[in-house]
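Student: Before anything else, here's the structure in question.
The values are calculated or read from the model by the stated rules, or taken from the named source; none is laboratory data. Because the structure is a prediction, the values reported are computed rather than measured. Cβ placement follows ideal geometry from the backbone for every residue including glycine, while neighbour counts extend to all protein chains displayed. These accessible areas exclude ligands, DNA and RNA; they are computed on the full protein's heavy atoms, side chains included. Shrake-Rupley method; radii C 1.70, N 1.55, O 1.52, S 1.80 Å.
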Amino acid sequence: MSKVLLTGVTLAAMLGMAGNSYAQESTDSVQASTATSHPEEVIAARQALMFEIERLMVPVDSATLGPPADFEVLNSAALSISAMLSAVPHLFPPPTNLYDPAVEIPATIALPAIWSDFETFSAMADASTTAAASLSQASASGAQAVQAASLSLRATCDACHSLFLRPYVPATVNSEDLEFDFDSVLPGN
Ligand code: HEC
(Lines give C-alpha, C1' and ligand atoms only; values in the text may rest on other atoms or scores of the structure.)
Protein backbone atom coordinates (compact mmCIF):
# COMPACT_ATOMS: atom_id res chain seq x y z
CA MET A 1 0.00 0.00 0.00
CA SER A 2 1.37 3.38 -0.94
CA LYS A 3 2.25 6.12 1.48
CA VAL A 4 -0.03 8.50 -0.39
CA LEU A 5 -3.04 6.29 0.22
CA LEU A 6 -2.32 5.91 3.92
CA THR A 7 -1.92 9.64 4.34
CA GLY A 8 -5.19 10.36 2.58
CA VAL A 9 -7.18 7.85 4.57
CA THR A 10 -5.69 8.90 7.90
CA LEU A 11 -6.32 12.57 7.18
CA ALA A 12 -9.89 11.96 6.13
CA ALA A 13 -10.53 9.84 9.22
CA MET A 14 -9.25 12.60 11.47
CA LEU A 15 -11.12 15.35 9.65
CA GLY A 16 -14.25 13.26 9.43
CA MET A 17 -14.29 12.85 13.21
CA ALA A 18 -13.95 16.59 13.70
CA GLY A 19 -16.77 17.20 11.23
CA ASN A 20 -19.19 14.85 12.93
CA SER A 21 -19.10 16.85 16.08
CA TYR A 22 -20.21 19.99 14.24
CA ALA A 23 -23.03 18.09 12.63
CA GLN A 24 -24.31 16.79 15.95
CA GLU A 25 -24.60 20.26 17.55
CA SER A 26 -21.82 18.95 19.64
CA THR A 27 -21.36 19.09 23.35
CA ASP A 28 -17.68 18.70 22.61
CA SER A 29 -16.53 22.25 23.28
CA VAL A 30 -12.99 21.59 22.09
CA GLN A 31 -14.12 20.74 18.57
CA ALA A 32 -16.77 23.46 18.48
CA SER A 33 -14.34 26.13 19.57
CA THR A 34 -11.90 25.31 16.77
CA ALA A 35 -14.44 26.63 14.27
CA THR A 36 -15.52 29.64 16.30
CA SER A 37 -12.26 30.76 17.88
CA HIS A 38 -9.85 29.70 15.12
CA PRO A 39 -11.81 29.65 11.86
CA GLU A 40 -8.58 30.48 9.99
CA GLU A 41 -7.17 27.09 11.04
CA VAL A 42 -10.16 25.28 9.58
CA ILE A 43 -9.78 27.34 6.39
CA ALA A 44 -6.07 26.48 6.21
CA ALA A 45 -6.86 22.78 6.70
CA ARG A 46 -9.38 22.67 3.85
CA GLN A 47 -7.07 24.62 1.54
CA ALA A 48 -4.21 22.21 2.33
CA LEU A 49 -6.55 19.31 1.64
CA MET A 50 -7.59 20.81 -1.73
CA PHE A 51 -3.98 21.43 -2.77
CA GLU A 52 -3.06 17.84 -1.88
CA ILE A 53 -6.05 16.58 -3.87
CA GLU A 54 -4.85 18.66 -6.82
CA ARG A 55 -1.40 17.04 -6.54
CA LEU A 56 -2.98 13.59 -6.53
CA MET A 57 -4.93 14.52 -9.68
CA VAL A 58 -1.78 14.43 -11.87
CA PRO A 59 -2.22 10.77 -12.95
CA VAL A 60 -5.98 11.34 -13.26
CA ASP A 61 -5.57 14.28 -15.63
CA SER A 62 -3.04 12.26 -17.66
CA ALA A 63 -5.58 9.45 -17.92
CA THR A 64 -8.06 11.88 -19.53
CA LEU A 65 -5.64 12.13 -22.47
CA GLY A 66 -4.70 8.51 -23.03
CA PRO A 67 -4.24 5.10 -21.41
CA PRO A 68 -2.73 5.45 -17.92
CA ALA A 69 0.96 4.65 -17.60
CA ASP A 70 0.34 2.81 -14.36
CA PHE A 71 -3.09 1.54 -13.30
CA GLU A 72 -1.85 0.89 -9.77
CA VAL A 73 -0.76 4.49 -9.23
CA LEU A 74 -4.01 5.82 -10.70
CA ASN A 75 -6.10 3.48 -8.59
CA SER A 76 -4.31 4.45 -5.41
CA ALA A 77 -4.66 8.17 -6.17
CA ALA A 78 -8.38 7.76 -6.88
CA LEU A 79 -8.95 6.00 -3.55
CA SER A 80 -7.08 8.71 -1.65
CA ILE A 81 -8.94 11.48 -3.45
CA SER A 82 -12.27 9.83 -2.66
CA ALA A 83 -11.47 9.53 1.06
CA MET A 84 -10.25 13.14 1.19
CA LEU A 85 -13.29 14.51 -0.65
CA SER A 86 -15.58 12.78 1.84
CA ALA A 87 -14.22 15.17 4.50
CA VAL A 88 -14.99 18.31 2.46
CA PRO A 89 -18.51 19.16 3.76
CA HIS A 90 -17.22 18.95 7.34
CA LEU A 91 -14.54 21.56 6.69
CA PHE A 92 -17.04 24.33 5.96
CA PRO A 93 -18.66 25.18 9.33
CA PRO A 94 -20.54 28.54 9.25
CA PRO A 95 -17.89 30.54 11.20
CA THR A 96 -15.53 29.99 8.24
CA ASN A 97 -17.81 32.01 5.93
CA LEU A 98 -15.23 34.80 5.77
CA TYR A 99 -14.76 35.68 2.11
CA ASP A 100 -13.94 39.37 1.70
CA PRO A 101 -14.23 40.61 -1.91
CA ALA A 102 -12.43 43.86 -1.01
CA VAL A 103 -9.18 42.05 -0.22
CA GLU A 104 -6.82 41.20 -3.07
CA ILE A 105 -5.54 38.00 -1.44
CA PRO A 106 -8.45 36.92 0.79
CA ALA A 107 -8.03 34.33 3.57
CA THR A 108 -10.61 32.19 1.82
CA ILE A 109 -12.04 32.15 -1.70
CA ALA A 110 -15.05 30.09 -0.63
CA LEU A 111 -18.17 32.10 -1.51
CA PRO A 112 -21.07 32.78 0.92
CA ALA A 113 -23.28 30.85 -1.55
CA ILE A 114 -21.97 27.68 0.13
CA TRP A 115 -23.83 28.50 3.33
CA SER A 116 -26.98 29.79 1.64
CA ASP A 117 -27.26 26.46 -0.20
CA PHE A 118 -25.29 23.99 1.84
CA GLU A 119 -27.42 21.12 0.57
CA THR A 120 -26.18 21.65 -3.00
CA PHE A 121 -22.61 22.14 -1.85
CA SER A 122 -22.71 18.93 0.17
CA ALA A 123 -24.34 17.00 -2.69
CA MET A 124 -21.59 18.15 -5.04
CA ALA A 125 -18.94 16.97 -2.61
CA ASP A 126 -20.69 13.59 -2.44
CA ALA A 127 -20.84 13.42 -6.25
CA SER A 128 -17.12 14.09 -6.46
CA THR A 129 -16.38 11.50 -3.76
CA THR A 130 -18.41 8.94 -5.71
CA ALA A 131 -16.74 9.85 -9.01
CA ALA A 132 -13.32 9.21 -7.47
CA ALA A 133 -14.47 5.87 -6.07
CA SER A 134 -15.87 4.92 -9.49
CA LEU A 135 -12.56 5.76 -11.11
CA SER A 136 -10.79 3.34 -8.79
CA GLN A 137 -13.21 0.62 -9.93
CA ALA A 138 -13.00 1.54 -13.62
CA SER A 139 -9.50 0.12 -14.06
CA ALA A 140 -11.02 -3.37 -14.15
CA SER A 141 -13.06 -2.33 -17.20
CA GLY A 142 -10.18 -1.18 -19.37
CA ALA A 143 -8.58 1.99 -20.68
CA GLN A 144 -11.70 3.54 -22.19
CA ALA A 145 -13.68 3.25 -18.96
CA VAL A 146 -10.74 4.75 -17.10
CA GLN A 147 -10.58 7.71 -19.46
CA ALA A 148 -14.32 8.38 -19.10
CA ALA A 149 -14.15 8.08 -15.31
CA SER A 150 -11.14 10.43 -15.18
CA LEU A 151 -12.99 13.05 -17.21
CA SER A 152 -16.02 12.69 -14.93
CA LEU A 153 -13.96 13.17 -11.80
CA ARG A 154 -12.32 16.35 -13.11
CA ALA A 155 -15.76 17.62 -14.16
CA THR A 156 -17.06 17.27 -10.58
CA CYS A 157 -14.20 19.46 -9.28
CA ASP A 158 -14.89 22.11 -11.90
CA ALA A 159 -18.65 22.03 -11.29
CA CYS A 160 -18.28 22.83 -7.60
CA HIS A 161 -15.59 25.45 -8.17
CA SER A 162 -17.62 27.26 -10.81
CA LEU A 163 -20.52 27.68 -8.38
CA PHE A 164 -18.77 28.21 -5.08
CA LEU A 165 -15.33 29.72 -5.68
CA ARG A 166 -14.48 33.34 -6.26
CA PRO A 167 -14.41 33.72 -10.04
CA TYR A 168 -10.94 33.98 -11.49
CA VAL A 169 -10.26 37.53 -12.60
CA PRO A 170 -7.37 37.74 -15.07
CA ALA A 171 -5.04 40.71 -14.84
CA THR A 172 -6.03 43.45 -17.27
CA VAL A 173 -3.83 45.87 -19.19
CA ASN A 174 -4.83 49.51 -18.73
CA SER A 175 -3.87 52.58 -20.75
CA GLU A 176 -1.23 53.56 -18.21
CA ASP A 177 0.54 50.20 -18.80
CA LEU A 178 0.49 50.78 -22.56
CA GLU A 179 2.04 54.23 -22.25
CA PHE A 180 4.74 52.98 -19.89
CA ASP A 181 8.17 54.25 -20.90
CA PHE A 182 10.17 51.00 -21.03
CA ASP A 183 13.35 52.82 -22.08
CA SER A 184 13.40 54.67 -18.77
CA VAL A 185 14.06 51.44 -16.87
CA LEU A 186 16.46 49.85 -19.35
CA PRO A 187 20.17 50.20 -18.70
CA GLY A 188 22.15 52.57 -20.94
CA ASN A 189 19.70 55.51 -20.85
C1 HEC B 1 -18.08 20.50 -3.07
C2 HEC B 1 -17.25 21.51 -3.66
C3 HEC B 1 -15.86 21.19 -4.11
C4 HEC B 1 -15.41 20.07 -4.77
C5 HEC B 1 -16.19 18.86 -5.20
C6 HEC B 1 -14.00 20.29 -5.00
N7 HEC B 1 -13.60 21.48 -4.50
FE8 HEC B 1 -11.75 22.28 -4.61
N9 HEC B 1 -12.37 23.90 -3.53
C10 HEC B 1 -13.65 24.10 -3.07
C11 HEC B 1 -13.69 25.32 -2.28
C12 HEC B 1 -14.92 25.91 -1.61
C13 HEC B 1 -12.38 25.85 -2.29
C14 HEC B 1 -11.88 27.15 -1.61
C15 HEC B 1 -11.45 26.85 -0.19
C16 HEC B 1 -11.09 28.12 0.57
O17 HEC B 1 -10.38 29.00 0.01
O18 HEC B 1 -11.49 28.24 1.74
C19 HEC B 1 -11.58 24.94 -3.12
C20 HEC B 1 -10.24 25.13 -3.41
C21 HEC B 1 -9.49 24.31 -4.22
C22 HEC B 1 -8.12 24.56 -4.60
C23 HEC B 1 -7.31 25.77 -4.19
C24 HEC B 1 -7.65 26.87 -5.16
C25 HEC B 1 -7.00 28.17 -4.80
O26 HEC B 1 -6.81 28.97 -5.73
O27 HEC B 1 -6.73 28.42 -3.59
C28 HEC B 1 -7.71 23.52 -5.40
C29 HEC B 1 -6.35 23.34 -6.03
C30 HEC B 1 -8.84 22.60 -5.50
N31 HEC B 1 -9.90 23.12 -4.78
C32 HEC B 1 -8.81 21.40 -6.20
C33 HEC B 1 -9.89 20.52 -6.29
C34 HEC B 1 -9.87 19.29 -7.05
C35 HEC B 1 -8.71 18.76 -7.87
C36 HEC B 1 -11.12 18.72 -6.89
C37 HEC B 1 -11.65 17.45 -7.48
C38 HEC B 1 -10.94 16.23 -7.30
C39 HEC B 1 -11.89 19.61 -6.03
N40 HEC B 1 -11.12 20.68 -5.70
C41 HEC B 1 -13.21 19.37 -5.67
C42 HEC B 1 -14.74 23.31 -3.31
C43 HEC B 1 -14.71 22.08 -3.93
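Student: Say whether the condition of being farther than 16 Å from C160 by Cβ, within 11 Å of the ligand (Cβ to nearest atom), open to solvent by 60 Å² or more (accessible area, probe 1.4 Å) and assigned to a helix (DSSP H, G or I) is met by at least one residue in the stretch 85-105.
Tutor: no
Student: Quick check on the stretch 8-65: of everything there that is more than 16 Å from the ligand (Cβ to nearest atom) and of a type in the set (D, E, K, R), which residue is modelled with the highest pLDDT?
Tutor: So the residue we want is D28.
Student: Then there is this: Given the options P68, P59, name the one that is crowded, with 16+ Cβ neighbours inside 10 Å and part of a loop (DSSP other than H, G, I, E, B). Outline the logic, then answer.
Tutor: Working: P59 fails: part of a loop (DSSP other than H, G, I, E, B).
Answer to the check: P68.
Student: In addition: Can we say L85 is closer than 30 Å to A63 by Cβ and touching a residue at least 60 places away in the same chain (Cβ under 8 Å)? Break it down stepwise before answering.
Tutor: On the way: closer than 30 Å to A63 by Cβ: yes; touching a residue at least 60 places away in the same chain (Cβ under 8 Å): no.
For L85, the condition - closer than 30 Å to A63 by Cβ and touching a residue at least 60 places away in the same chain (Cβ under 8 Å) - is not met.
Student: Can you tell me which residues in the stretch 124-142 are open to solvent by 20 Å² or more (accessible area, probe 1.4 Å) and farther than 18 Å from I53 by Cβ?
Tutor: Selection gives Q137, S139, A140, S141, G142.
Student: Let me ask something else. Considering each of T120, T108, T130, T156 in turn, give the residue that is at pLDDT 95 or above and assigned to a loop (DSSP other than H, G, I, E, B). Steps first, please.
Tutor: On the way: T120 fails: assigned to a loop (DSSP other than H, G, I, E, B); T130 fails: assigned to a loop (DSSP other than H, G, I, E, B); T156 fails: assigned to a loop (DSSP other than H, G, I, E, B).
Unique residue meeting the criteria: T108.
Student: To continue, here is another question. Within the stretch 143-160, work out how many residues are more than 9 Å from the ligand (Cβ to nearest atom) and open to solvent by less than 50 Å² (accessible area, probe 1.4 Å).
Tutor: So the answer is 5.
Student: Any residue at all in the stretch 161-171 that's more than 13 Å from the ligand (Cβ to nearest atom), more than 26 Å from D61 (Cα to Cα), at pLDDT 95 or above and open to solvent by 70 Å² or more (accessible area, probe 1.4 Å)?
Tutor: Taking every residue of the stretch 161-171 in turn, none turns out to be more than 13 Å from the ligand (Cβ to nearest atom), more than 26 Å from D61 (Cα to Cα), at pLDDT 95 or above and open to solvent by 70 Å² or more (accessible area, probe 1.4 Å).
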